[in-house]
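The values are calculated or read from the model by the stated rules, or taken from the named source; none is laboratory data. None of the values given here were measured: they were computed from a predicted structure. Glycine gets a Cβ as well: all are built from the backbone with ideal geometry, and neighbour counts include every protein chain shown. Note: areas computed on protein heavy atoms with side chains; ligands, DNA, RNA excluded. Shrake-Rupley method; radii C 1.70, N 1.55, O 1.52, S 1.80 Å.
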Amino acid sequence: MSDNQENGYEKAAKNPKEDMDALDKNLADAQRNHMAAAEELGYQRSIGRVIRPFWDNIKISESSPPVLTSGAAMISDWRAQSESWKRQSEYQLSNIQFGVATASTAAYNTVSMDKLFMPKPLVDADKVESVVSQKDERAFVEKRLRLIDEALANLYHTIWQYFYLPALDPVRGPLFLMRQVFDDLLTKLAPDEDINRWSDFVRDEELFKRDRKGITRAHRIQFVANNKIGSSKRQLVLDSTRNFIFIYDELNRAHARHELDENAGKSAVLAASRLIAEWLQAIDSK
């Protein structure tokens with residue numbers, strides 16, 4: 001390690017709050033820049049798609065009119081630019097992925113040091129674990145959902161694109177989509193025809209008047225628990241589900257009053273993802 005590196009580490013060690021402030025600002029600025037770039041690239045893709053039919057069916061020759069050869073040259077320049085952007089993005093992504101490993105190590109080290117040096121914990125170890133494990137949990141859920149339904153997995157993936165965007169309202173979209181994923185998953189695992197054949201099914205008469213089915217979310221939850229989850233995990237999954245539904249209903253009421261708290265909303269999204277992972281693991285282990 002060079003003297004400059006040692007001096008840098010010593011200086012950083014004396015200013016952890018300043019470093020955390022700068023870290024948060026740098027990540028927020030980088031996130032905004034990347035999202036702005038993604039928006040611009042999406043715009044360019046939409047242009048490319050709409051003009052593609054013309055260029056797919058054109059052959060350039062020496063006798064082509066200047067406007068055509070000029071347009072073809074412009075397309076070639078655009079391609080070269082896009083190749084440069086792709087290389088830059090791959091380089092940036094590789095560095096960001098390295099940073100993810102650094103962040104995970106920093107999180108676990110923080111928890112360990114908190115236990116060692118503080119008279120009382122300042123950091124919630126369970127909360128740190130839930131945040132750090134999000135990436136692996138999301139990968140598991142998305143992979144498992146893809147085996148059930150491609151569109152459902154894509155919808156789940158979209159949640160996290162919204163969740164980590166610097167949006168004006170970053171909570172309502174992910175909350176709505178997560179509820180949709182949960183309900184769609186239940187419908188896939190407990191389709192109407194299976195519920196109707198289920199000997200324990202007693203339809204909800206009020207709901208039946210409206211949709212001619214009378215099948216509630218609770219029906220589907222109980223059906224999956226009884227028929228697709230082993231007895232050793234059944235009650236634990238049911239208890240977790242009831243607790244989550246209570247939290248979600250509270251958030252829905254807050255949403256209706258325009259009092260939705262961002263931290264509470266994000267916690268609910270994470271809790272829902274953990275619940276879905278719990279369901280999928282329980283089903284796999286039956």
If each of residue 126 and residue 60 carries a label point 7 Å out from its Cα toward its Cβ, how far apart are those two points in nm?
6.4
Roughly how much of residue 262 is accessible, in Å² to the nearest 10, using a 1.4 Å probe?
90
Rounded to the nearest 0.05, FRET efficiency between residue 83 and residue 258 (Cβ-Cβ, R0 45 Å) equals 0.45
Between 271, 106, 190, which gets the highest mean-square fluctuation from a Gaussian network model of the chain, Cα cutoff 10 Å?
106
Among 189, 68, 147, whose mean-square fluctuation peaks in a Gaussian network model of the chain (Cα, cutoff 10 Å)?
68
Which shape class applies to region 73-184: rounded if a/c is under 1.5, otherwise prolate when a/b exceeds b/c and oblate if not, where a ≥ b ≥ c are the square roots of the Cα gyration tensor eigenvalues?
oblate
With springs connecting C-alpha atoms under 10 Å apart, model the chain as a Gaussian network and identify which of 261, 184, 114 has the largest mean-square fluctuation.
114
Between rounded, prolate and oblate, where does region 33-121 land on the alpha carbon gyration tensor, with a ≥ b ≥ c its root eigenvalues, rounded for a/c under 1.5, else prolate if a/b exceeds b/c?
prolate
Hey, if you put +1 on the Cβ of every Lys and Arg and -1 on every Asp and Glu Cβ in region 1-134, which of 121, 85, 15 ends up farthest toward the positive end of that dipole?
85
Sequence of 130, 273 when ordered by accessible area, the most exposed leading, probe 1.4 angstrom
130, 273
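Just to make sure I understand: if all protein chains stay in place, what is the order of 128, 269 by accessible area at 1.4 Å, largest first?
128, 269
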Which ³J(HN,Hα) values in Hz, rounded to whole numbers, follow from the phi angles of region 114-128 under the Karplus curve 6.51 cos²θ - 1.76 cosθ + 1.60, where θ = phi - 60° and Gly and Pro get x?
4, 5, 7, 10, 9, x, 9, x, 9, 10, 7, 4, 5, 5, 4
For the chain, what does the relative contact order come out to in percent, with C-alpha contacts under 8 Å and a separation of six or more?
15
At 1.4 Å probe size, what's the solvent-accessible area of residue 187? Round to the nearest 10 Å².
60
J(HN,Hα) series, region 237-245, from Karplus relation 6.51 cos²θ - 1.76 cosθ + 1.60, nearest Hz, glycine and proline x
5, 5, 4, 4, 5, 4, 5, 5, 4
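Over region 152-286, what is the relative contact order in percent, taking alpha-carbon pairs closer than 8 angstrom and at least six residues apart? Working shown, then result.
Values: 102 pairs, mean separation 36.0, N = 135.
Contact order relative to length: 27 percent.
Pulled fully out, how much extra length does the chain show between residue 21 and residue 231, if you take 0.36 nm times their separation in residues and subtract their Cα-Cα distance?
Extra length from residue 21 to residue 231 when fully extended: 70.7 nm.
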In Å², nearest 10: area of residue 246 left accessible to a 1.4 Å probe:
120
What are the ³J(HN,Hα) couplings of region 130-141, residue after residue, when phi is run through the Karplus curve with 6.51, -1.76, 1.60 and θ = phi - 60°? Round to Hz, x for glycine and proline.
5, 6, 5, 7, 3, 4, 5, 4, 5, 4, 5, 4
Residues of the chain: accessible area per residue at 1.4 Å, in Å²?
69
Okay, helix-only estimate at 222 nm for the chain: each DSSP H run of n ≥ 4 adds -39500 (n - 2.57), divide by all residues, round to 500 deg cm²/dmol; what do you get?
-28000 deg cm²/dmol
Heavy-atom accessible area order for 94, 63, largest first, 1.4 Å probe:
63, 94
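Mind scanning 115/143; 115/233; 127/188; 213/266; 86/135; 86/188 and naming the pairs with a C-alpha gap bigger than 26 Å?
115/143; 115/233; 127/188; 213/266; 86/188
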